[in-house]
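This report refers to the structure that appears directly beneath it.
The values are calculated or read from the model by the stated rules, or taken from the named source; none is laboratory data. Keep in mind the model is a prediction, meaning the values are calculated, not measured. Here the Cβ is made from the backbone with ideal geometry for all residues, glycine too, and neighbour counts use every protein chain on show. For the accessible areas, the whole protein counts, side chains as well, though only heavy atoms, and no ligand, DNA or RNA atoms are used. Shrake-Rupley method; radii C 1.70, N 1.55, O 1.52, S 1.80 Å.
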Number of protein chains: 2
Amino acid sequence: MAHLGRAEALRLLGTVSLGRILFTQQALPAIRPVNHLLDGDDIIVRLHDGATLASVVAPTETDGVVVAYEADVIDPDTHLGWSVVVTGYARRVTDDEEMASLASRLRPWVATPVMNAALRIRPDLVTGLRLTV
Amino acid sequence: MAHLGRAEALRLLGTVSLGRILFTQQALPAIRPVNHLLDGDDIIVRLHDGATLASVVAPTETDGVVVAYEADVIDPDTHLGWSVVVTGYARRVTDDEEMASLASRLRPWVATPVMNAALRIRPDLVTGLRLTV
């Protein structure tokens, strides 16, 4: 098992579109699969329902909340691959123009006509593991 | 998107051997890929390093700590599939005989001669989603 540097970890994260956002819901650890894209070093995620989004970052929360975001590619047979975890502040994307620009690049999980909510995660802490033989 | 019942969610969890354990590390959300097996309704996981295990459940912790465990199978192209999340108390497996029995069934992530530590998670809360067209 080898530790990855920040740049390599973010690069790998950008090679996939699926990941999982970790947050706290009613004082319990929670996780949801979502899709993401990288915007510079930031991770943009769309949550597939408004209730979950509201659990992660309340509409009244402007300073953001700390979340973790994980993505991995691991071979189910050999158990080889990589896992990257990003920890940082997540904020709602509220600017209409920014949202429109992101919506054109971010594929929703479930087909819906309008992209109405997204989060921007600033990667304060990036850790990555490569599972090797 | 359809919600799954507890029995169906646990059944799906048992069809795969990879998942991710969620815990709190230095007050931050953390996640690690692990492999698992079902022992009755309990989820047995082996962590791939002792430091992570100690972060999840301190050796002095006998009552267990609340963790979440997630597994999913999602098609990267169609985004169809399922995700199951189990929340419950995790305790270290300390009985030698129990450990030996589990070790024979639980494949380690990284090849190591001896299985030295495992966690048993009792699924208090089981939620599952099926992502459909």
Report task. For the stretch B:18-33, enumerate the residues that are open to solvent by less than 40 Å² (accessible area, probe 1.4 Å) and in contact with a Leu (Cβ under 8 Å, 6 or more places away or on another chain). Result -> B:19, B:21, B:22, B:29, B:30, B:31, B:33
Requested in this report: Could you please let me know if residue A:84 is touching a residue at least 60 places away in the same chain (Cβ under 8 Å) and out of contact with any Phe, Trp or Tyr (no Cβ under 6 Å at 6 or more places or on another chain)?
Outcome: yes
Query raised in the report: When you look at residue A:36, is it within 14 Å of chain B (Cβ to nearest Cβ), surrounded by fewer than 21 Cβ atoms within 10 Å (Cβ to Cβ) and part of a strand (DSSP E or B), yes or no?
Result: no
Report summary line: In the set A:46, A:20, the lone residue that is more than 9 Å from chain B (Cβ to nearest Cβ) and modelled with pLDDT under 95 is A:46
Report task. Output yes when any residue across the stretch A:77-92 is away from chain B (no Cβ under 11 Å), at pLDDT below 85 and either assigned to a loop (DSSP other than H, G, I, E, B) or open to solvent by less than 10 Å² (accessible area, probe 1.4 Å) (or both), and no when none is. Result -> no
Report task. Mind listing just one residue for me: the one in the stretch A:61-76 that is assigned to a strand (DSSP E or B) and of a type outside the set (A, V, I, L, M) and, of those, most open to solvent (accessible area, probe 1.4 Å)? Result -> A:72
Report task. Give the residue that is nearest to residue B:37 (Cα to Cα), with candidates limited to residues of the stretch B:97-119 that are modelled with pLDDT of 85 or more and surrounded by fewer than 20 Cβ atoms within 10 Å (Cβ to Cβ). Result -> B:98
Report summary line: Those residues of the stretch A:120-133 which are in a loop (DSSP other than H, G, I, E, B), out of contact with any Ser or Thr (no Cβ under 8 Å at 6 or more places or on another chain) and modelled with pLDDT of 85 or more amount to A:122
